[in-house]
1. Listed highest first by mean packing, meaning other Cβ atoms within 10 Å per residue, what order do 109-116, 53-60 come in?
2. What is the chain's relative contact order, in percent, from Cα pairs under 8 angstrom and six or more apart in sequence?
3. Taking a cut-off of 21 Å, what percent of all Cα-Cα pairs in the chain are separated by more than that?
4. How much net charge surrounds Trp152 when only other residues with a Cβ under 11 Å from its Cβ are counted (Lys, Arg +1; Asp, Glu -1)?
5. Could you work out the relative contact order of the stretch 108-208? I mean the mean sequence separation of Cα pairs under 8 Å and 6+ apart, divided by the number of residues, in percent.
6. What does the net charge come to around Asn101 if you take all other residues with beta carbon closer than 12 Å to its beta carbon, with K and R at +1 and D and E at -1?
Amino acid sequence: MEVKKQASRLVVGPAKDLLAPNNSQYQQGFVVQVTDNEGNPAPATIVSVEMVPVRYFKGQYQGFDSSGDGDPDEWRMVYSASCEAEDVNHNGVLDPGEDINGNGTLQPTNQATLAQHPSETPTFNLGTGQIITDDSGFGFFSVTYPVSQAVWSRMRITVSANVQGTEDREQYEFTLFVAENDISNFPEAPPGGTGSPYGTVASCSSPL
Ligand SMILES: [Ca+2]
Ligand SMILES: [Ca+2]
Ligand SMILES: [Ca+2]
């Protein structure tokens with residue numbers, strides 16, 4: 001009788017809280033976990049990590065009355081447009097036909113970068129773009145970005161690993177997180193100000 005084997009699993013997602021290493025940046029920790037065909041941890045597995053922007057958003061934060069007393073007390077973002085990232089071939093260069101909003105540069109500006117996790121190991125090797133998992137099949141990395149990019153850019157992380165001869169890939173898409181306590185002090189300005197760095201007009205073909 002043939003025993004049906006479980007496929008190996010590669011899982012990636014955000015870990016714990018959003019960090020603010022300084023006033024101008026956020027840092028979000030991520031964890032990957034690799035499991036082999038029998039459902040056991042896959043230690044010493046090389047996991048490649050890549051990240052590309054997939055969308056950017058236009059719009060602005062507006063004061064919102066969450067307590068119901070008639071006065072605004074927190075900021076909520078109101079999107080006017082959701083636009084496909086202009087760098088469709090993901091090479092980081094503005095190619096003919098990519099400049100949809102006609103401003104001469106790529107949007108989003110792709111200021112989010114992969115980095116080592118600030119405290120957890122094993123972590124991301126900046127030189128190779130890889131993590132080697134620990135005995136439990138875990139590995140860690142982080143994404144750092146200017147606070148002004150939070151909520152206005154959407155990224156896609158792709159992790160891949162070769163487990164027992166099979167190439168596994170997993171993706172995680174997320175809009176850059178904003179710290180809750182940075183938008184709950186209305187009228188103190190939200191990170192980066194009230195407007196999207198990509199404009200407020202409800203059209204992806206305008207830079208305004
Ligand atoms: Ca209120
Ligand atoms: Ca390009
Ligand atoms: Ca552009």
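A short reminder: the numbers here are calculations on the coordinates, not readings from a lab. None of these values were measured; they are calculated from a predicted model. Neighbour counts run over all protein chains shown; Cβ positions are idealised from the backbone, glycine included.
1. 53-60, 109-116
2. With pairs under 8 Å counted, the relative contact order is 29 percent.
3. 60 percent
4. Taking every other residue near Trp152 into account, the sum is +3.
5. Values: 129 pairs, mean separation 20.6, N = 101.
Computed value for the stretch 108-208: 20 percent relative contact order.
6. My count for the surroundings of Asn101 gives -3.
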